[in-house]
Amino acid sequence: MPESPVWQPSAAPDAVRSRAELLRYLRDFFARRQVLEVETPVLGRCGVTDPHLDGLAVSDPLSGIDQGWLQTSPEYHMKRLLAAGHGAIYQVSRVFRAGERGRRHNPEFSMLEWYRPGFDDRDLMKEVADLVCGWLNCPRPDVIPYRDAMIRWAEIDPFTAETPQICERVSSWLDARQAAGIGRDGCLDLLMSYCVEPALAKCGPAFIADYPASQAALARVNRAGEYPVAHRFELYVSGMELCNGYWELADVGEQRDRFEQDNALRGVLGKSTMQPDQALLQAMVHGLPDCAGVALGLDRLLMLKLGTGDIRDVLTFPTERA
């Protein structure tokens with residue numbers, strides 16, 4: 001006989017109440033700052049080209065959906081709202097990412113995303129700190145440049161080291177063929193995960209900022225310094241990554257180029273290419289306002305509040321009980 005499913009929720013009542021308190025806190029936080037709450041589709045016509053993210057495909061011929069995608073983030077739809085003139089906006093949404101399962105990951109999770117016209121990445125970092133520190137009652141984060149963090153804790157300069165040197169640095173976890181397969185940035189991501197994040201767990205809250213231009217994703221790039229760096233930041237609390245924020249790229253030509261570069265890397269990694277979201281590109285042609293945006297994992301924020309290291313403790317029904 002098949003094993004009976006577990007019907008009980010995995011989160012205790014206190015965790016469920018804490019989530020409700022968090023939602024009230026967020027809505028009050030943004031209402032006081034006159035940031036508008038919006039809703040966008042969970043099911044969209046396009047997924048993302050990001051080579052490190054995979055969406056979940058959905059088909060429904062009866063509704064005329066040959067293939068749609070459960071969204072990995074509400075970003076593309078929210079940027080279309082920005083281009084349409086809706087101003088400062090935020091959203092609490094359910095998002096989906098294939099293959100993500102572990103103590104800090106569930107394929108379906110809760111994300112807070114917001115955009116601030118007129119802000120750059122430094123302005124938004126201050127607001128992120130206001131929100132997170134207000135909820136966790138923790139010290140305000142330090143700001144650590146990505147290069148400084150890698151030199152200090154991974155013992156390598158991500159801007160000057162040759163790619164073979166970086167690949168050699170991850171030989172404890174990957175053989176040479178595997179390291180070559182994920183490339184320079186993939187190896188740097190491993191060093192961030194295995195060297196920098198554990199060190200950050202022993203520090204107070206910290207923003208990592210000024211990522212290499214090759215890791216800009218959808219952020220603008222500053223080319224004025226010695227090395228080009230992305231206007232991108234991530235917040236770590238107790239060694240846990242909470243959010244990823246950008247001073248948003250508004251150049252549609254560069255956005256098209258990045259979509260192409262993403263798909264080229266997807267091919268190298270043996271993944272299928274993804275159709276770029278033409279609606280987003282058309283919105284950018286119309287004009288995306290100068291703005292900064294950030295996506296923050298709410299389940300992880302709850303984990304920190306409740307002092308648990310397992311995401312299942314803050315989810316009513318994680319994937320295995322859904």
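Screening Ala216 on (1) modelled with pLDDT of 95 or more; (2) within 25 Å of Asp54 (Cβ to Cβ); (3) crowded, with 18+ Cβ neighbours inside 10 Å; (4) among the aliphatic types (A, V, I, L, M) shows it passes everything except condition (1).
Given the criteria among the aliphatic types (A, V, I, L, M), touching a residue at least 24 places away in the same chain (Cβ under 8 Å), touching a strand residue (DSSP E or B) at 6+ places or on another chain (Cβ under 6 Å) and assigned to a strand (DSSP E or B), does Leu112 qualify? Judged against the criteria, Leu112 is a match.
Scan the stretch 266-297 for residues that are under 19 Å from the mean Cα position of the chain (by Cα) and either surrounded by fewer than 20 Cβ atoms within 10 Å (Cβ to Cβ) or outside any strand (DSSP E or B) (or both) and jot them down. Even if it seems obvious, please write down each step before you answer.
Looking only at the stretch 266-297, we keep the residues that are under 19 Å from the mean Cα position of the chain (by Cα), and these are 266, 274, 276-277, 280, 291-297.
Hits for the stretch 266-297 are Arg266, Met274, Pro276, Asp277, Leu280.
Before we move on, is Leu112 in contact with a helix residue (DSSP H, G or I) (Cβ under 6 Å, 6 or more places away or on another chain), at pLDDT 95 or above and under 23 Å from Val237 (Cα atoms)?
The answer is yes for Leu112.
Restricted to the stretch 79-89, and to residues there that are in contact with a strand residue (DSSP E or B) (Cβ under 7 Å, 6 or more places away or on another chain) and crowded, with 22+ Cβ neighbours inside 10 Å, the residue that is nearest to Met111 (Cα to Cα) is Ile89.
In this structure, Leu62 does not satisfy being of a type in the set (A, V, I, L, M) and part of a loop (DSSP other than H, G, I, E, B). Residue count for the stretch 93-107 satisfying the condition of being crowded, with 18+ Cβ neighbours inside 10 Å and either more than 13 Å from the chain's Cα centre (by Cα) or in a loop (DSSP other than H, G, I, E, B) (or both): 3.
Checking each residue in the stretch 162-205 for being surrounded by fewer than 19 Cβ atoms within 10 Å (Cβ to Cβ) and among the small types (Gly, Ala, Ser) picks out Ser171, Ser172, Ala176, Ala180, Gly181, Gly183, Ser193, Ala199, Ala201, Gly204. The residue of the stretch 245-296 that is nearest to Glu234 (Cα to Cα), among those that are touching a Pro at 6+ places or on another chain (Cβ under 6 Å) and not aliphatic (A, V, I, L, M), is Cys291. Suppose we filter the stretch 19-37 for residues that are surrounded by 16 or more Cβ atoms within 10 Å (Cβ to Cβ) and either outside any loop (DSSP other than H, G, I, E, B) or in contact with a His (Cβ under 7 Å, 6 or more places away or on another chain) (or both); how many remain? Of the residues in the stretch 19-37, 5 are surrounded by 16 or more Cβ atoms within 10 Å (Cβ to Cβ) and either outside any loop (DSSP other than H, G, I, E, B) or in contact with a His (Cβ under 7 Å, 6 or more places away or on another chain) (or both). Considering the conditions (1) on the phi > 0 side of the Ramachandran plot; (2) in contact (Cβ under 8 Å) with a residue 40 or more places away in the chain, Val128 is excluded by exactly one of them, (1).
Is it true that Arg300 is touching a strand residue (DSSP E or B) at 6+ places or on another chain (Cβ under 9 Å) and either charged (D, E, K, R) or not in a strand (DSSP E or B) (or both)?
yes
The values are calculated or read from the model by the stated rules, or taken from the named source; none is laboratory data. Predicted, not measured: the structure shown is a model, and the values here were computed from it. Heads up, the Cβs are rebuilt from the backbone with ideal geometry, glycines too, and the neighbour counts pull from every protein chain shown.
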